[in-house]
Amino acid sequence: MSETTDKEKKPPLNGRRALPSNNSNDEENEVPEMEAFGLIPRGFNPTDYLRVVDVHMFKEPHEINKQQHHTDKYYNPKLIVRRGQSFQIQVDFNRPYNPETDQFWLEYLIGRYPQQNKGTYIPILVRDVLKPGEWGAKITHKENNSIRLSIMSSATCIVGKFRLYVAVLTPFGILRTHRNSATDTYILFNPWCQQDAVYLDDEKEREEYVLNDVGIVFHGNINDIKLRSWSYGQFEENILDACLFLMDKAELELSGRGNPIKICRVASAVINSRDDNGVIAGSWDNTYTNGVPPSAWTGSADILLEYYSSKQPVRYGQCWVFAGVFNTFLRCLGIPARLITNYSSAHDNNANLQLDFFLDDEGKVDTTTTKDSVWNYHCWNEAWMTRPDLPVGFGGWQVVDGTPQETSDGMYRCGPASVQAIKHGHVCFQFDAPFVYAEVNSDIVYLRRAKNGTQVIENIDTTHVGQLIVTKEVGRDGMMEITEEYKFQEGSEEERLALETAVMYGVKKQTTQGTSYQPQTDVDMEFQAQKAVLGSDFKVTITFRNKSRNTYTATTYLSGNIVFYTGVTKNEFKKHTFSAKLEPYSSSAFDVVIKSSEYLSDLLDQASFHFFVTARINETGKILATQKATVLEIPSLRIKTQGAMVAGKEMSVTVEFTNPLKQTLENVTLRLEGPGVLRTMKKEFRQIPMNSTLIWEVKCIPNRPGLRKLIASLNCDALRHVYGELNVQIQKP
């Protein structure tokens, strides 16, 4: 090697630290095979001493290590174990090992600057007993020239890929095995180990939150819950390396990589591309040039592998894509994780627990002054861990969110925030609890600017936000409601106490007392939208209930808007004003028809509408206001299989779709994937005429037996969020 290149490789000097930062799992240092103690005498021959001939890792999926450590599903040839639990290796020497005269030890190294005090250089001597949760090795079996070792790793050790050396002591120096990547060992978090910070005591939950490689995303809206499958694919080829690369990308010191709190915090920043060129670029504006529309993805593996190879943000994602990829990352490293959906999620720009909607004189929402928004739904993740940095009682599920909404300590990231702390209003505990508290607890306040410039509160809705928080059931595909993990019963004494606690800890809450807000209490107004399929007409109904003995007239304004699922309006497609006569002690219903021709040309991916209804009671001048999101039914894909479904044998999968729209679909992309059955496949179709059916047949060879899931998506400019799925039972050969 010439001198110049040698100089370039040297890291720049830094006056603050003797060694440069050690934040790459990928980089290595040179380890000498002969480390001499001084001058080596002439006649020294290393072959005279105990010498390592071979090291067996027992790393096949059916062998003891991967079976006992629940890592047999990883499509990876190297040894993968979980920390704080013993594993076996065998060392073959050139002659029988004699404990009286021979001395050897093991060395595990990670990164380019291994140091013992940082946990990046771990020498392990052979002992008589293994202490649980501490590094150690003991001989369990001796035969001829071989010994079998049981090795225990620390329950707090760094998570990543370690290099293994066997060192033998001679009178003149240390002899080491040469660098052999086949003995590299991945060490992961261990939810099965009581001393691990991510220990989870329920086997069914561990199977779901760590080992299940498919899941369900709940979307749509509160009145029309939709679900779709998502392939996490945490065991697929190269995914583990891609997840370790994310920590290198985030420049997390290796010594901090045993701490799930730190890993979650940096991962929530690196999952999105804002400010650090992270994994996924978000796009919420319905234009997805030079990228894949968020709704087209069927799982995380394609995204992570593309990022791992290109090192550039993958385009494009929205909240469920960020959450899906984050879930893969967490489960892959062994941190129990689940994907959460919060329906009617507040995005409160100034964290005052109040979403301000400004109305103009007609009672219409003024989009120029209204900055806050209610997302139809928002997905984030929960990760399971202890929180030794917080008082007792705040461990367990922690909110982490990779979707870039607001900055936290200068970067787009969110969490981990204790769910328990959010429920009880203890939002002073790190990280980002006030923001999450506002997402599930804000009030909606309708304000009107009076002629003299003051703001008049017209209406307050305290129950709209965070009405329903859900996740997938354990062991089944159903929906599990977890709203009460986040908040007490609406209107209960505990709920008020939690709110007062949150306010005491600095969540801003503007008081509405003392202002001139006196609502119209003797008239109720309700709004209902008929369930409708994309492309058809439907009706909406406004119902008034007059509970007084007075006759009232209400000037009613209905505004229908096409919105992004984030609640941001694209345009108003329907305006309708009418006068309603309200007889004493009676209900009156008014229907308004919405024609498909009014909405089809402007429809966005998720077929979401948002209706505002405001009614002024003419006799009192008071205003009633309500808002509701509604989602159209989108047709789905049909998946069928033919022939025997046996691991290692070819099978055939067919995807079918019938175009329901009164127009030809152009440039249609189909995607199909199923972890353990087939790698993601894509197919483009130029056109699908109206009412015609498309059929796509694919041949594949499944490699994993058991119950697997096939997931498909269809995408084109006129139609997105078209999904299909099928459970398939793959037999053993």
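The values are calculated or read from the model by the stated rules, or taken from the named source; none is laboratory data. This one's a predicted model, so the numbers in the text were calculated from it and none came from an experiment. In this analysis, Cβ positions are derived from the backbone assuming ideal geometry, glycine residues included, and neighbour counts consider all displayed protein chains. Side chains included, ligands, DNA and RNA excluded: accessible areas come from the protein's heavy atoms. Shrake-Rupley method; radii C 1.70, N 1.55, O 1.52, S 1.80 Å.
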Please compute the alpha carbon radius of gyration of region 618-733, then divide it by the globular-protein estimate 2.2 N^0.38 Å. Two decimals is fine. 1.50
Please list 3J(HN,Hα) in residue order for region 630-645, calculated via the Karplus relation 6.51 cos²θ - 1.76 cosθ + 1.60 where θ = phi - 60°; whole Hz, with x for glycine and proline. 9, 10, 6, 6, 9, x, 10, 8, 10, 10, 10, 10, 10, x, 5, 10
Normalized C-alpha radius of gyration of region 237-350, against 2.2 N^0.38 Å? 1.06
May I ask you to order 265-276, 528-539 by the average number of other C-beta atoms within 10 Å around their residues, highest value first? 265-276, 528-539
Calculate what fraction, in whole %, of the accessible area of region 203-505 sits on carbon and sulfur atoms when a 1.4 Å probe is rolled over the protein chains. 49 percent
With each label point set 7 Å from Cα along the Cα-Cβ vector, what nm distance links Lys570 and His178? 6.2 nm
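Give the accessible surface of region 309-461 per residue, rounded to a whole number of Å², with probe radius 1.4 Å and ligands, DNA and RNA excluded.
30 Å²
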Give me the net charge of Val270's neighbourhood, meaning all other residues with Cβ under 11 Å from the Cβ of Val270; Lys, Arg count +1, Asp, Glu -1. 0
Pop a pseudo-label 7 angstrom from the Cα along the beta-carbon direction at both Lys682 and Glu619 and give the gap in nm to one decimal. 6.4 nm
Phi-derived 3J(HN,Hα) across region 543-556 with the Karplus relation (6.51, -1.76, 1.60, θ = phi - 60°), rounded Hz, x for Gly and Pro, is 10, 10, 10, 8, 9, 10, 8, 8, 8, 10, 10, 10, 7, 10
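Which entries of Lys531/Lys628; Lys249/Lys311; Lys575/Lys628; Lys204/Lys649 have Cα-Cα distances beyond 20 Å here?
Details: Lys531/Lys628 13 Å; Lys249/Lys311 9 Å; Lys575/Lys628 15 Å; Lys204/Lys649 31 Å.
Long pairs (Cα-Cα over 20 Å): Lys204/Lys649.
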Region 128-207 - Rg (one decimal) and Dmax (whole number), Cα, Å: 16.3, 55
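Net charge within 12 Å of Asn727 by Cβ-Cβ distance, Lys/Arg positive one each and Asp/Glu negative one each, not counting Asn727 itself?
My count for the surroundings of Asn727 gives +1.
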Unit charges at the beta carbon, dipole of the chain: most positive-side option, Gly395, Ser548, Ser587: Gly395
If packing is taken as the mean number of other Cβ atoms within 10 Å per residue, what is the order of 636-645, 429-438, 50-59, 392-401, highest first? 429-438, 392-401, 50-59, 636-645
I need the Kirkwood Rh of the chain: take the reciprocal of the average 1/r across all distinct C-alpha pairs and report it in angstrom. 29.0 Å
Mind counting lysine pairs for me in region 34-188? Cα separation below 14 Å, and the two need to be 8 or more apart along the chain or on different chains. 4
Could you check the simple spin-label distance between Glu633 and Thr551, using points 7 Å along Cα→Cβ, in nm with one decimal? 4.2 nm
Return the sequence-ordered ³J(HN,Hα) values of region 519-527 in whole Hz as given by the Karplus equation 6.51 cos²θ - 1.76 cosθ + 1.60 applied to θ = phi - 60°, using x for Gly and Pro. x, 7, 8, 9, 10, 10, 10, 10, 10
Looking only at lysines whose Cα falls under 22 Å of Lys581's and that sit 8 or more positions away or on another chain, we get Lys364, Lys539, Lys547, Lys622
Under 16 Å from the Cα of Lys487, which lysines turn up, not counting those fewer than eight places away in the same chain? Lys423
